[in-house]
Structure formats: C-alpha cells, structure tokens
Amino acid sequence: MSTNNRISIEIGPEDLDKINAAVQVLNETLKPYLQSLTADQRQELPKMGDGSEPFVSKTIDYAKVNGEFAPVFMDVAELERDYGAVRTLNGLYRSLLQLTRQLDDSIMLSGSEAYTSALIYYNSVKLATKMNVPNAKPIFEDLRQRFARATGGNGEPPEAEA
C-alpha cells in the first residue's frame, strides 16, 4: 500500500460559505428556466446532438427567409427561441460539467487516500492483535466488521493498490 499524498484539502468556513452562497445563487437564478424529466420522458424525446445542431440552425435560417414552407401550426419564433435556449444552456452546462468533473475527481482521490490510510491502520491493528498487544483486539474486532459483510465473513480487506 502506498501513502503517496496527491491531494490535501481543507476548505475553510469562509470559502465554504462563499461556495454555498454561489451555488444557491445559481440554483435560485436558474430554477425558473429549468425543467425536470422522468427517465421515460427522456427516453421518448427526439434528441438534438452535436450532429443535429447545424441542421436546426439551417432550418431556422430557411424558415425565416422562406416562411411559406412552415406549416401554420409551427411557430418559427418559438423554434428560434428553443434553439437559443439550447445554445445558452449548453454553454452553462459545459462550464459546470468541467467543474463537477473536477469535484468528482477530487472526491475520488481524497476518498482513495483516506481509505488507503485506514487500511494501513487496520493492518497495523490486525498485526498487533496477532502479537497480543494490549487494547488492539477490540479495535480490530470493531474495524473488521466492515470486511465481514463485503467478503463473506473472512475479515480480510481487498488489497489496496500502491
């Protein structure tokens, strides 16, 4: 097991307050513009991906210049508004996606380091128990419960990667 420390974070209360306030502002500001869909609704919708975007853009251009081909039940202004929303929301989404990926990576790395260190401690207590060191056995018995469920009861953790 390795103790290579690749991340060490402690966000202070002042910064955490600023971050939470910024997230709250984002949520409150975006809330009136956002919709939620069920998994079934998402599956049923025709999707506009990167390949369809130029098609929609050209269609808007043609519909504005050659409106005689637009069916009477089609609102060209609404088509343009929807497309504008896609472009605006995609810009926000891409910025936030990069941030959430970095958050996810930082959570994974911090968690990995914490778990690896906990395994090192666990193995030390396990060795101390085998050597009958006083006070080690109750700690070992308590900590090994985590592995009893995950491994069918043998109390052995998976090997941590170095």
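Odds and ends about this structure:
- Assuming charge only on the beta carbon of Lys and Arg (+1) and of Asp and Glu (-1), the dipole of the chain about its Cα centre is about 640 debye to the nearest 20.
- Label-point separation in nm, Asn27 to Val76, each point 7 Å along Cα→Cβ: 4.2 nm
- Ordering Tyr83, Tyr62, Tyr121, Tyr115 by accessible surface, largest first, gives Tyr62, Tyr121, Tyr115, Tyr83; the 1.4 Å probe counts only protein heavy atoms, with every chain in place.
- With all projection directions averaged, the alpha carbon convex hull of the range 1-43 covers 6.8 nm².
- Bins of 5 Å from zero: percent of alpha-carbon pairs in the range 1-90: 2, 9, 12, 13, 13, 11, 9, 8, 8, 5, 3, 3, 1, 1, 0
- Principal-axis tilt of helix 136-150 within the chain, Cα atoms, nearest 10 degrees: 40 degrees
- Label-point separation, Arg42 to Ser57 (7 Å along Cα→Cβ), nm: 2.7 nm
- For the chain, the number of Lys pairs separated by eight or more positions or lying on different chains, with C-alpha atoms closer than 25 Å, is 5.
- Using the 1.4 Å probe convention, the accessible area of the range 1-78 works out to 91 Å² per residue with neighbouring protein chains retained.
The values are calculated or read from the model by the stated rules, or taken from the named source; none is laboratory data. Model, not experiment: these values are computed from the prediction. All Cβ positions, glycine included, derive from the backbone under ideal geometry; neighbour counts span all protein chains shown. Remember, those area values only see protein heavy atoms, side chains included, never the ligands or the DNA or RNA. Shrake-Rupley method; radii C 1.70, N 1.55, O 1.52, S 1.80 Å.
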